[in-house]
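Engineer: Got a structure for you, written out below as structure tokens; questions coming shortly.
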Amino acid sequence: MTALQGYEGADGPHSGAQPALLIVDDQPVILQALYAIFADDYEVFVASSGKQALAFCEVQLPDLILLDVSMPGMDGYETCQRLQANPLTTDIPVIFVTASTQHDDETRGLEAGAVDFISKPVNPSVVRARVRTHIKLKLQSDTLRRLSLTDGLTGVANRRQFDEALVNEWRRCSRSRLPLSLIFIDVDYFKRYNDGYGHQLGDDCLKAVAKVLKLGLKRPADLLARYGGEEFVCLLPETPLLGAQQTANALEAAVRALALPHAFSDAAAVLTISLGVTAAEPAEGESPAALLDAADKLLYQAKEAGRAQVKAGKL
Ligand code: GH3
Ligand code: MG
Ligand code: MG
């Protein structure tokens, strides 16, 4: 589906910097009126049925939906309930637009999960103000969620996001009977680095390491997280041990190639990492804790064997 369907003479899609608004109504004249109200401030998309709206959300998630209540086929209530039932779309605020002035209808809409109600005929300044408020709240909650899942120093996923992803990927891979690999990473002699170069350079070093590790992960589903302190972890869904081992070797080489001087390391003249790699074929009902445990033990073996290297093994 394209933006602004059927509206010739419109600006065309905006850059993406503006919040995205989806307007759903079966009457073209209403779509046109609402489009005109919002075109300057938002990236506006339109759909002429509930079905089309749901299909649009499969492709792009709007920041807010203005939803007509009475439409042929799937009405606004049902559309809203379906959006609420889908984890991907459940956080999108929905404002109902309705000609009805019945309190019952308003209650029903709020129960279906709408955040607000606007009556037809629409008053431009009222609808503009309400949409502005709800979009502001939505963007604030997006920001909070993002912050709660991101490591402040390095910008990569934090422990919380990793824990969630591990459970989800374990479940997903057990359903699809695909392997799940995990790489545990620890910076070598990092205490000495801090003591020798100072905490500020230590922080800079962690940022540089995170960046190069992130660049080393090739698939969109791969996740790099800061596990804590100078420890990182990579989750590689649908990846067997051999593939994960290759990735781990590449990560080890990439950090070494950063060539950050480390005069206090016994492992090399530059900063290095040690890695433990393991893979499992997840089974429903089993916990992913054993995977973490195994990778941690292999990491310990890599440390014992002299650091700056990869140790791999099956769960
Ligand atoms: P090993 O090779 O056995 O891993 O030795 P290590 O010194 O790296 O390990 P150890 O666990 O003894 O020390 C980790 C150090 O990492 C301790 C702490 O000073 C440092 N560290 C942890 N988090 C941070 C951080 O956010 N910033 C900085 N600069 N240093 C950190
Ligand atoms: Mg450590
Ligand atoms: Mg360390």
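Engineer: Out of the stretch 173-203, which residues are charged (D, E, K, R) and either over 22 Å from the mean Cα position of the chain (by Cα) or part of a strand (DSSP E or B) (or both)?
Structural biologist: Those that are charged (D, E, K, R) and either over 22 Å from the mean Cα position of the chain (by Cα) or part of a strand (DSSP E or B) (or both): Arg177, Asp186, Asp188, Lys191, Arg192, Asp195, Asp203.
Engineer: Then there's this: Quick check: anything in the stretch 69-82 charged (D, E, K, R) and part of a helix (DSSP H, G or I)?
Structural biologist: Looking through the stretch 69-82, at least one residue is charged (D, E, K, R) and part of a helix (DSSP H, G or I).
The rows are residues; the columns are (1) within 16 Å of ligand 1 (Cβ to nearest atom); (2) not in a helix (DSSP H, G or I).
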site	(1), (2)
Phe232	yes, yes
Leu236	no, yes
Leu242	no, no
Gln246	no, no
Ala250	no, no
Arg256	yes, no
Asp266	yes, yes
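Engineer: Let me ask another. What is the one condition in (1) open to solvent by less than 80 Å² (accessible area, probe 1.4 Å); (2) touching a helix residue (DSSP H, G or I) at 6+ places or on another chain (Cβ under 9 Å) that Glu281 does not satisfy?
Structural biologist: All conditions pass for Glu281, except number (1).
Engineer: Return yes when Ala257 is modelled with pLDDT of 95 or more, open to solvent by 40 Å² or more (accessible area, probe 1.4 Å) and over 27 Å from the mean Cα position of the chain (by Cα) and no when it is not.
Structural biologist: yes
Engineer: Out of all the residues in the stretch 219-226, is one or more open to solvent by 10 Å² or more (accessible area, probe 1.4 Å), part of a helix (DSSP H, G or I) and on the phi < 0 side of the Ramachandran plot?
Structural biologist: no
Engineer: Next question, about the same structure. Counting only residues that are of a type in the set (Val, Ile, Thr) and within 15 Å of Leu235 (Cα to Cα), which one in the stretch 171-212 is farthest from ligand 1 (Cβ to nearest atom)?
Structural biologist: Ile183
Let's see how each residue does on (1) within 16 Å of ligand 2 (Cβ to nearest atom); (2) charged (D, E, K, R); (3) under 20 Å from Thr278 (Cα atoms):
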site: Lys218; (1), (2), (3): no, yes, yes
site: Arg226; (1), (2), (3): yes, yes, yes
site: Gly229; (1), (2), (3): yes, no, no
site: Pro240; (1), (2), (3): no, no, yes
site: Ala248; (1), (2), (3): no, no, yes
site: Ala257; (1), (2), (3): no, no, no
site: Pro261; (1), (2), (3): no, no, no
site: Ser265; (1), (2), (3): yes, no, no
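Engineer: Moving on to the next point. Give all pairs with beta carbons closer than 9 Å in which a residue from the stretch 129-150 that is closer than 23 Å to Leu224 by Cα meets a residue that is open to solvent by 50 Å² or more (accessible area, probe 1.4 Å) and not in a helix (DSSP H, G or I); count only pairs at least 6 apart in sequence or on separate chains.
Structural biologist: Asp142/Asp91; Arg145/Asp91
Engineer: Is it the case that the stretch 175-190 has a residue that's modelled with pLDDT of 95 or more and surrounded by fewer than 15 Cβ atoms within 10 Å (Cβ to Cβ)?
Structural biologist: No, the stretch 175-190 contains no residue that is modelled with pLDDT of 95 or more and surrounded by fewer than 15 Cβ atoms within 10 Å (Cβ to Cβ).
Engineer: Right, something else. Among the residues of the stretch 12-37, which ones are out of contact with any Asp or Glu (no Cβ under 8 Å at 6 or more places or on another chain) and under 25 Å from Gln81 (Cβ atoms)?
Structural biologist: Leu22, Ile23, listed by residue number.
Engineer: Restricting the search to the stretch 204-216, which residues are closer than 20 Å to Thr278 by Cα, more than 16 Å from the chain's Cα centre (by Cα) and surrounded by fewer than 21 Cβ atoms within 10 Å (Cβ to Cβ)?
Structural biologist: Gly216, the sole residue that qualifies.
Engineer: Can you pull out the residues in the stretch 100-141 that are part of a loop (DSSP other than H, G, I, E, B) and among the β-branched types (Val, Ile, Thr)?
Structural biologist: Residues satisfying the conditions are Thr101, Val115, Val122.
Engineer: While we're here: I'd like the full set of residues that are among the β-branched types (Val, Ile, Thr) and either within 16 Å of ligand 3 (Cβ to nearest atom) or touching a Ser or Thr at 6+ places or on another chain (Cβ under 9 Å) (or both), limited to the stretch 170-220.
Structural biologist: Correct list: Ile183, Ile185, Val187, Val209.
The values are calculated or read from the model by the stated rules, or taken from the named source; none is laboratory data. Since the structure is predicted, the reported quantities are computational estimates derived from the model, not experimental observations. For neighbour counting, all protein chains shown are included, and Cβ atoms are generated from backbone atoms with ideal geometry for every residue, glycine included. Side chains are part of the model used for accessible areas, which takes the heavy atoms of the whole protein and leaves out ligands, DNA and RNA. Shrake-Rupley method; radii C 1.70, N 1.55, O 1.52, S 1.80 Å.
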